[in-house]
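Have a look at the structure that comes next, please.
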Amino acid sequence: MVPKPYGGMWMSNQTQQRDKMAKEALLGIIERFYDQFEHQKVPNIVMPTRTKSNIEYNNDSEVWVYGDSTSTRSAKTVKGANQILKMSYVVELLIKEHLENNRGSTLRELYYISENWDIAKFNEQPESDRMIEDLEIISALQREYFHMRPEEDGATLFGSLKLKETTKRGERIIHCRDDVGEGGYQIPFNVENVEFLDHDAKFIIAIETGGMHARLIENGFDEEFNAIQVHLKGQPARSTRRMLKRLNEELNIPVVVFTDGDPWSYRIFASVAYGAIKSAHMSEFMATPAAKFIGVQPSDIVDYDLSTDKLTEQDIKALRSELTDPRFDSDYWKTQIQLQLDIGKKAEQQAFAGKGLDFVTQRYLPERLTEMGII
Amino acid sequence: MAHPIAEELAKKQRAISIAEFFEKNRQILGFDSAPRSLLTAVKEGVDNSLDACEEAGILPDIMVSIENAGGENLGLIIEDNGPGIVKEQIPKTFAKLLYGSRFHAIKQSRGQQGIGISAAVLYSQLTTGRPTRIISKIDRDKPANYYELIINTSTNDPEILDEKEVDWDRTRGTRVELEMKASYVKGRRQSVLEYLKSTAIVNTHARFTLVEPDGNTIVFERAVDTIPEPAQEILPHPEGIELGTLIKMLRYTDRQKLAPFLRYSFSRIGLHTAEEICKAAHLDTESDPHNLQLEDAKKLIDVFKKVKVSAPPTDCLSPITESLIYKGLEKEYSVDFIATISRAASVHSGHPFLVEAGVAYGGSLGKEDRVNILRFANRVPLLYQQGGCAITHAIENIRWKNYSLNQPGGSIPAGPAVFMVHVASTHIPFTSESKDAVADVPEIMAEVELALKDVGRKLKTFLSKQQHLSKRREKEEIIKKILPRIAEKVSQVLDKPTPDITPIVAKVMGNLLVQRSVSKNGDGYQVEIDIRNYGDATFAIKLHDTHQYSVRDAQPEPKIISMGRDTDHTWKLNLKAGDKETIKYHLPFVSEEEANALPGMIVEGVDEGLVNGAKAVRGYVDE
């Protein structure tokens, strides 16, 4: 790959191609509006309907995607006209500021930038957030292609993985255990800027809580079992999910998800494995259908006699709703959720500490990994 | 000689009768709970005051004051500017149950409801042991009379505890002061405040002042200063007469013969009909009505039902009228729209009645709530048993979706609206003695439904007009503000000339679009004019294309009028919704510059704002 200086910044060929692709896609949207004017048609745009009822399971990609139902936004109504106007302004920003000047902004910044747009300004941030999602759907490109940055820091990764990251200041080759501190390697917001070079991992373990992530690092779990640890930080960010998917599919390494044993954590697993309803248009980029749930399982609470808390009313409601959620429609989940409802208990990952600090790395995880046929 | 034992017993029986009668009938009399007792006492007092003022031709000014009197007791003062009560009548009016003449009169009156103010006096003395204090003054120059009264519960006669002449700084009027076990409630339909508000709506000529226990004063101001026409008294109609009443009439009549008795005691019975009735009942026309037996009376009632007697006169009813209902609703609610209807009178089982209705919509009324229903019988608000009332049932029978209102569960509709229904009659059929709900009499329900549908239609028209206006406003916002900005922005991004949005404006607005294009053709230019109707109505227009060039091979042929230097080419066109017409002609010997600088066209027969691409003039176009 031949590095090329670009706009005062350093850009790789690949980055340039991606920007070009994004610019063409965005220009296409504007050209369509222009053509509609020229052909005496009221400007409009057809989009998939973004409601729960229009989410369906795609058997080929094994993720949840939008269905066939579409809705048309037309300048015949004030609402539709405003959306088209705002879309034109956002696209102009993305092309002229982001892509042509190699800059980027966050969703929050976009909302504030729009304050200068007079009647095209967004009334609240969810409106501008939705606009970016709309553009993702129309262009079939992720927002990272438009240089839209997430607000929060990406999660971290730790383990024997060597990669090359293209940064604004040049290419960096990093080993995610030997070249980083205990904090680990920070996953960049645009995972497409990462190229995997080498690894000796047998599996990837995605961990919900920082406490457990640190416990595994301290206990040397990654070295002992050739694991790459990814810290999910609760509901995982887009970049984290994209990273997991790429690791799984490009390097062919199995992914296991390790969370607390409560209904909210099962949803974290579901969004890693099957995609979230809110971003169903991105499921094919971000969901890892091969990911497996390692625990904490309700049956572990019984088998390992873990310290527990009582299920709250909300917990019970959430569990019941999962029983009818198509994403949990398997014998495994039905048995586990029913068991949890029967015992009325939930447990945190940290509950293993009650059995000794090494219990989770010496006993629980090895037993589960063996059971799952991963080691 | 000792009194016979039976007489003693009878006395005892009477001694308990009035208090016991009250205890047994508290619910019917309206004194079954602390909040309701207060409301009933207020109602009795206010009804009396309104009736008295109306009869005397005085604009009522009524004050209701409620104060805490310690413990569970409240003090209630009702004061009016009415004609006052003559001294001798005061004790009986307030301290004798069932005293008064209105029970015998056949006319539309408030007093059909409730047992009278004396019931409140009795309730007051039973719960607090205190007498009722009355001041009444009948003339500016006369002193006022002051009384402290209780009812003797054994004889049902007034007992005067104090009586004197006092100075009172009013010109005339009556003031009643009671103390009773009661409670003052707010925030619900069955409250003094809501009762007065409703009463103010149907009595727009009256001013009401409410002083609440915390000293807060609320004034319901009058909206008009004319007193409603008093209702006329009429003779009973045979169809609606009850056996008991007939027996009483027979016994107390001054007539000595049956036929004249029938003729002059009932409405709609003439000489011929009276004879026909006697014959059908096998009774002598000459017989003395006082001597008729129960069996004879029964026979008469049967015959009344069979003989054809024309319907009773209906001019005895006193409607509130459409304009006063409008004013009443207008002054008590801040709304966007009001419609009212006063229907013609009709008859239910011999009793004339009429129905009036009003709807108030929008403004500050709750959008999500059920519609607020105000029920009135002879100008008196009905506050209890809404669910059991013919008025409510009639509302539920109507499919309000047809009138642009939601109707969740098919019952009372929802939306920012108040429904007001007034039933006026010489005899209101109530569901029970407590007189809280009108019975489901088919004739009345049919009239209520018709009245509500009438105001419902007016409401629907208003709402669809509103909707049309807001749609038009919305469209204007699109074409004036948003569309030009989109056109500007997309051309900026693409670095292209700003597109012409005229055709799209026509489409969005549902207008007529006129477009002219020119293209080089042989020795000159070919002109094409497209006229397209994007609206949903037919446009009958004349299109004027006026310029200095001569036209060749025009299709269709225009009418040509020379106008000095210029020539007016006119086409008469009739375009239905969605139609498109094309006019073509050739301009020989014209340069490109000239062809592109043709003056603007004029469309005649259309309002400005309905055409894009040409100037509109109203003019006249025959079809």
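Take residue B:542 and decide whether it is more than 14 Å from every other protein chain (Cβ to nearest Cβ) and open to solvent by 60 Å² or more (accessible area, probe 1.4 Å). Steps first, please.
Numbers: more than 14 Å from every other protein chain (Cβ to nearest Cβ): yes; open to solvent by 60 Å² or more (accessible area, probe 1.4 Å): no.
Spelling it out, it is not the case that residue B:542 is more than 14 Å from every other protein chain (Cβ to nearest Cβ) and open to solvent by 60 Å² or more (accessible area, probe 1.4 Å).
Next up: Pairs please, first residue from the stretch B:548-566 and closer than 17 Å to residue B:529 by Cβ and touching a residue at least 40 places away in the same chain (Cβ under 8 Å), second anywhere and among the acidic types (Asp, Glu) and open to solvent by 70 Å² or more (accessible area, probe 1.4 Å), Cβ atoms under 9 Å, 6+ apart in sequence or on different chains.
As it stands, the answer is B:549/B:594, since those pairs meet every condition given.
From the residues in the stretch A:313-341 that are open to solvent by 60 Å² or more (accessible area, probe 1.4 Å) and not in a helix (DSSP H, G or I), which one is farthest from residue A:359 (Cα to Cα)?
Checked the stretch A:313-341; the qualifying residue farthest from residue A:359 (Cα to Cα) is A:324.
State yes or no: is residue B:263 touching a helix residue (DSSP H, G or I) at 6+ places or on another chain (Cβ under 6 Å), without any contact (Cβ under 8 Å) to a residue 24 or more places away in the chain and farther than 30 Å from residue B:333 by Cα? Even if it seems obvious, please write down each step before you answer.
Details: touching a helix residue (DSSP H, G or I) at 6+ places or on another chain (Cβ under 6 Å): yes; without any contact (Cβ under 8 Å) to a residue 24 or more places away in the chain: yes; farther than 30 Å from residue B:333 by Cα: yes.
Spelling it out, residue B:263 is indeed touching a helix residue (DSSP H, G or I) at 6+ places or on another chain (Cβ under 6 Å), without any contact (Cβ under 8 Å) to a residue 24 or more places away in the chain and farther than 30 Å from residue B:333 by Cα.
Listed here are the residues, each with its yes/no results for (1) touching a His at 6+ places or on another chain (Cβ under 8 Å); (2) open to solvent by 10 Å² or more (accessible area, probe 1.4 Å); (3) without any contact (Cβ under 8 Å) to a residue 12 or more places away in the chain.
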residue	(1), (2), (3)
B:423	no, no, no
B:440	yes, yes, no
B:454	no, yes, no
B:467	no, yes, yes
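List pairs: first residue in the stretch A:311-335 and closer than 28 Å to residue A:62 by Cβ, second residue among the hydrophobic types (A, V, I, L, M, F, W, C) and part of a loop (DSSP other than H, G, I, E, B) anywhere in the structure, Cβ distance under 8 angstrom, at least six positions apart or on different chains.
A:319/A:311
What tally of residues in the stretch B:488-523 results from selecting those that are within 10 Å of chain A (Cβ to nearest Cβ), part of a loop (DSSP other than H, G, I, E, B) and among the acidic types (Asp, Glu)?
Qualifying residue count, the stretch B:488-523: 1.
What is the number of the single condition among (1) surrounded by 20 or more Cβ atoms within 10 Å (Cβ to Cβ); (2) of a type outside the set (A, V, I, L, M); (3) outside any loop (DSSP other than H, G, I, E, B); (4) within 25 Å of the chain's Cα centre (by Cα) that residue A:364 does not meet?
(4)
While we're looking at this one, here's another question. Could you look through the stretch B:267-283, keep only residues that are touching a Lys or Arg at 6+ places or on another chain (Cβ under 9 Å) and surrounded by fewer than 14 Cβ atoms within 10 Å (Cβ to Cβ), and pick out the one that is modelled with the highest pLDDT?
B:282
Now a separate question. Among the residues of the stretch B:294-327, count how many are assigned to a helix (DSSP H, G or I), over 29 Å from residue B:199 (Cα atoms) and touching a strand residue (DSSP E or B) at 6+ places or on another chain (Cβ under 9 Å).
The qualifying residues number 0.
What number of residues in the stretch A:71-100 are touching a strand residue (DSSP E or B) at 6+ places or on another chain (Cβ under 9 Å) and more than 7 Å from chain B (Cβ to nearest Cβ)?
12
Hey, another quick one. Can you name the residue in the stretch B:549-601 that is among the β-branched types (Val, Ile, Thr) and part of a strand (DSSP E or B) and, of all such residues, is most open to solvent (accessible area, probe 1.4 Å)?
In this case the residue turns out to be B:560.
For the stretch B:335-349, check the following and say yes or no: at least one residue is in contact with a Lys or Arg (Cβ under 9 Å, 6 or more places away or on another chain), buried (at least 17 other Cβ atoms within 10 Å of the Cβ) and assigned to a loop (DSSP other than H, G, I, E, B).
no
I've got another one for you. Could you say whether any residue in the stretch B:374-386 is part of a loop (DSSP other than H, G, I, E, B), touching a Cys at 6+ places or on another chain (Cβ under 8 Å) and at pLDDT 90 or above?
No, that holds for no residue.
Looking for something in a loop (DSSP other than H, G, I, E, B), more than 14 Å from chain A (Cβ to nearest Cβ), over 60 Å from the mean Cα position of the chain (by Cα) and not aromatic (Phe, Trp, Tyr) - is there at least one such residue anywhere in the stretch B:526-539?
no
From the list A:231, A:147, A:213, which one is within 18 Å of residue A:368 (Cα to Cα) and within 20 Å of the chain's Cα centre (by Cα)?
None of the other options fit; the residue is A:213.
Being away from chain A (no Cβ under 11 Å), within 17 Å of residue B:390 (Cβ to Cβ) and over 15 Å from the mean Cα position of the chain (by Cα): is that true of residue B:435 here?
yes
Does residue A:217 satisfy the condition of being part of a helix (DSSP H, G or I) and of a type in the set (Val, Ile, Thr)?
Yes; evaluated as a whole, the condition is true for this residue.
Let's see how each residue does on (1) at pLDDT below 90; (2) open to solvent by less than 10 Å² (accessible area, probe 1.4 Å):
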residue	(1), (2)
B:78	no, yes
B:81	no, no
B:95	yes, yes
B:106	yes, no
B:120	no, yes
B:127	no, no
B:133	no, no
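Please determine whether any residue of the stretch B:470-481 is open to solvent by less than 40 Å² (accessible area, probe 1.4 Å), of a type in the set (A, V, I, L, M) and at the interface with chain A (Cβ under 7 Å from one of its Cβ atoms). Write out each step before concluding.
So the first thing to find is which residues in the stretch B:470-481 are open to solvent by less than 40 Å² (accessible area, probe 1.4 Å), and the list is B:478-479.
With of a type in the set (A, V, I, L, M) added as a condition, the list becomes B:478-479.
So of that shortlist, the ones also at the interface with chain A (Cβ under 7 Å from one of its Cβ atoms) come out as B:478.
Yes - at least one qualifying residue is present in the stretch B:470-481.
Identify the residue in the stretch A:36-50 that is within 14 Å of residue A:79 (Cβ to Cβ) and of a type in the set (A, V, I, L, M, F, W, C) and, among all such residues, is surrounded by the most Cβ atoms within 10 Å (Cβ to Cβ).
Checking each candidate, the answer is A:42.
Report the residue count in the stretch A:233-267 for those that are open to solvent by less than 10 Å² (accessible area, probe 1.4 Å) and either in a helix (DSSP H, G or I) or among the charged types (D, E, K, R) (or both).
Total meeting the criteria: 8.
When you scan the stretch B:357-373, how many residues do you find that are open to solvent by 50 Å² or more (accessible area, probe 1.4 Å) and at pLDDT 95 or above?
Going through the stretch B:357-373 one residue at a time, the tally reaches 0.
Identify, from the list B:362, B:415, B:350, the residue that is more than 28 Å from residue B:42 (Cβ to Cβ) and touching a Phe, Trp or Tyr at 6+ places or on another chain (Cβ under 7 Å).
B:362
The values are calculated or read from the model by the stated rules, or taken from the named source; none is laboratory data. Quick caveat, the model's predicted, so the values are computed rather than measured. Note that each Cβ is placed from the backbone with ideal geometry, even for glycine, and that neighbours are counted across all protein chains shown. Ligands, DNA and RNA are stripped out before the accessible areas are found, and what is left, the full protein with its side chains, is counted by its heavy atoms. Shrake-Rupley method; radii C 1.70, N 1.55, O 1.52, S 1.80 Å.
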